[in-house]
Amino acid sequence: MNAPFVLKIDGEVERPTQLSFSDFAEIDQSFQVVDVSRIDPQRQGDAVTLNGVLQLVGVKPAARYLGLHAARDDFHASVPLEPIRDRAFFIYRVAGQALADKQGGPIRFYIPDFAECHTDEVDECANVKFVDHVEFTAERGFDNRPEDDQEHADLHDRSDN
Ligand SMILES: Nc1nc2c(c(=O)[nH]1)N[C@H]1C(S)=C(S)[C@@H](COP(=O)(O)O)O[C@H]1N2
Ligand SMILES: [Mo]
């Protein structure tokens, strides 16, 4: 039996893909980030770089935005690819195990050096937890990140972030 996938990747790519936990673990060593706390002391675990995923799926030149979808809590961000392509990663493992719910698992997107929430397209809110679908688009896609202090405070109240 095939392992259940944890992340679906499609849109402007040559090879739409569904990745399981073991697929992540088997991605080439050159794209693995062992111990993300070396990059951001606030974060734990192991990751695969966004660049690794871009290579795997064969991202098309038309792709300018990265859609990060979390069905679990209906949270979505559409982030410009260029400013993050060499620094973002997908955290998928902590201490050898799949990332737990409370850590934003099974897959958590992470961009080091983000702006404060709702101040920029690349902000802390773009560090989407529970990502189950990544979609590359030519134009900015669906995004329901908070747009002001009130919406942001409400989100944190709701989700005990
Ligand atoms: N799926 C999902 N991802 C999310 C959010 C959310 O509500 N749902 N909140 C965002 C916000 S506003 C912040 S500040 C960070 C909080 O991450 P942390 O709980 O790991 O500190 O997650 C971001 N990613
Ligand atoms: Mo936030």
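None of the figures in this text is laboratory data; all of them are computed from the coordinates on show. Bear in mind the structure is a predicted one, so any value in this text is a computation, not a measurement. Cβ placement follows ideal geometry from the backbone for every residue including glycine, while neighbour counts extend to all protein chains displayed.
Computed quantities for the displayed model
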quantity: Positive dipole terminus of the chain, leading residue within LEU66, ASN144, ALA3 (C-beta point charges); calculated: ALA3
quantity: About the Cα centre, charge dipole magnitude for the range 1-150 (Lys/Arg +1, Asp/Glu -1 at Cβ), debye; calculated: 540
quantity: Cα centroid of the range 115-161 to Cα centroid of the range 29-45, whole Å; calculated: 22
quantity: Förster radius 30 Å - calculated FRET efficiency between GLU26 and ASP149, Cβ distance, rounded to 0.05; calculated: 0.10
quantity: Additional length obtainable on full extension of the chain from SER37 to ALA138, 0.36 nm per residue less Cα span; calculated: 33.1 nm
quantity: Projected label distance in nm at GLU14 and ARG87, using a 7 Å step from Cα toward the beta-carbon; calculated: 2.9
quantity: Nearest-0.05 FRET efficiency for GLN44 and PHE5, computed from C-beta distance (R0 25 Å); calculated: 0.60
